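The values are calculated or read from the model by the stated rules, or taken from the named source; none is laboratory data. Here the structure is a predicted model, which is why all the values come from computation and not from measurement. Positions of Cβ are backbone-derived with ideal geometry, glycine not excepted, and every protein chain shown enters the neighbour counts. The accessibility values were calculated without ligands, DNA or RNA, using every heavy atom of the protein model including side chains. Shrake-Rupley method; radii C 1.70, N 1.55, O 1.52, S 1.80 Å.
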Amino acid sequence: DGTVMSRCEEELSKAQDEGYVKKDLDPHVITADVCSIVKGCIFDWCLTDGKSELKENIRRILNAYFRYCICL
(Lines give C-alpha, C1' and ligand atoms only; values in the text may rest on other atoms or scores of the structure.)
Protein backbone atom coordinates (compact mmCIF):
# COMPACT_ATOMS: atom_id res chain seq x y z
CA ASP A 1 0.00 0.00 0.00
CA GLY A 2 1.05 3.57 -0.61
CA THR A 3 3.31 2.81 -3.57
CA VAL A 4 3.01 4.25 -7.05
CA MET A 5 2.24 0.76 -8.33
CA SER A 6 -0.54 0.32 -5.76
CA ARG A 7 -2.07 3.69 -6.65
CA CYS A 8 -1.87 2.88 -10.37
CA GLU A 9 -3.64 -0.43 -9.79
CA GLU A 10 -6.37 1.30 -7.76
CA GLU A 11 -6.94 3.90 -10.47
CA LEU A 12 -7.08 1.23 -13.17
CA SER A 13 -9.63 -0.71 -11.14
CA LYS A 14 -11.79 2.42 -10.88
CA ALA A 15 -11.47 3.05 -14.62
CA GLN A 16 -12.43 -0.56 -15.26
CA ASP A 17 -15.50 -0.26 -13.01
CA GLU A 18 -16.50 2.86 -14.96
CA GLY A 19 -16.19 1.04 -18.29
CA TYR A 20 -13.01 2.66 -19.59
CA VAL A 21 -10.77 -0.43 -19.31
CA LYS A 22 -11.68 -3.82 -20.75
CA LYS A 23 -13.29 -6.04 -18.12
CA ASP A 24 -11.25 -9.12 -19.05
CA LEU A 25 -7.94 -7.42 -18.18
CA ASP A 26 -6.37 -7.62 -14.73
CA PRO A 27 -5.40 -4.16 -13.36
CA HIS A 28 -2.44 -5.72 -11.54
CA VAL A 29 -1.11 -7.18 -14.80
CA ILE A 30 -1.60 -3.86 -16.61
CA THR A 31 0.30 -2.09 -13.83
CA ALA A 32 3.15 -4.61 -13.99
CA ASP A 33 3.24 -4.27 -17.80
CA VAL A 34 3.49 -0.48 -17.57
CA CYS A 35 6.36 -0.77 -15.11
CA SER A 36 8.14 -3.23 -17.41
CA ILE A 37 7.66 -0.96 -20.42
CA VAL A 38 9.07 2.05 -18.58
CA LYS A 39 12.01 0.07 -17.17
CA GLY A 40 12.76 -1.29 -20.66
CA CYS A 41 12.77 2.21 -22.16
CA ILE A 42 15.06 3.43 -19.38
CA PHE A 43 17.38 0.47 -19.94
CA ASP A 44 17.51 1.26 -23.68
CA TRP A 45 18.21 4.90 -22.87
CA CYS A 46 21.12 3.81 -20.65
CA LEU A 47 22.49 1.50 -23.34
CA THR A 48 22.53 4.41 -25.80
CA ASP A 49 24.29 6.70 -23.30
CA GLY A 50 21.23 8.90 -23.13
CA LYS A 51 20.99 9.37 -26.88
CA SER A 52 17.61 7.70 -27.38
CA GLU A 53 14.45 9.77 -26.98
CA LEU A 54 13.36 8.41 -23.59
CA LYS A 55 10.21 10.50 -23.15
CA GLU A 56 9.02 10.00 -26.74
CA ASN A 57 9.70 6.25 -26.66
CA ILE A 58 7.78 5.81 -23.41
CA ARG A 59 4.90 7.90 -24.74
CA ARG A 60 4.74 6.00 -28.05
CA ILE A 61 4.87 2.51 -26.53
CA LEU A 62 2.46 3.28 -23.67
CA ASN A 63 -0.02 4.89 -26.09
CA ALA A 64 -0.03 1.69 -28.16
CA TYR A 65 -0.40 -0.47 -25.06
CA PHE A 66 -3.22 1.61 -23.61
CA ARG A 67 -5.09 1.54 -26.93
CA TYR A 68 -5.17 -2.24 -26.43
CA CYS A 69 -6.52 -1.84 -22.88
CA ILE A 70 -9.29 0.70 -23.33
CA CYS A 71 -12.89 0.14 -24.30
CA LEU A 72 -13.72 1.87 -27.56
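Per-structure values
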item: Accessible area of the chain divided out per residue, in Å², using a probe of 1.4 angstrom; result: 74
item: Positive dipole terminus of the chain, leading residue within PRO27, MET5, THR48 (C-beta point charges); result: THR48
item: Percent accessible area from carbon and sulfur atoms, the chain, protein chains only, probe 1.4 Å; result: 59
item: With Cα atoms, 0 to 90° folded angle of helix 54-69 axis to the chain main axis; result: 30
item: Loop-located chymotrypsin sites (Phe, Trp or Tyr not before Pro) in the chain, at most 12 other Cβ atoms within 10 Å (DSSP); result: TYR20
item: Residues whose placed amide H lies under 5 Å from that of VAL21, excluding near-sequence neighbours; result: GLN16, CYS71
item: Cβ-placed point charges (K, R +1; D, E -1), dipole of the chain about Cα centre in debye, nearest 20; result: 280
item: Crossing angle, helix 4-17 versus the chain [Cα axis fit, 0-90 degrees, rounded to tens]; result: 40
item: The chain: mean projected area of Cα convex hull, nm²; result: 5.2
item: Proximal lysines relative to LYS23, as straight alpha-carbon distance under 22 Å, when same-chain residues fewer than 8 apart are discounted; result: LYS14
item: Potential lengthening between LEU54 and MET5 on full extension [0.36 nm per residue; Cα-Cα distance subtracted]; result: 15.6 nm
item: Principal-axis tilt of helix 27-47 within the chain, Cα atoms, nearest 10 degrees; result: 10
item: Within straight-line cross-link reach of LYS51, lysines at Cα separation under 18 Å, skipping those fewer than 8 residues along the same chain; result: LYS39
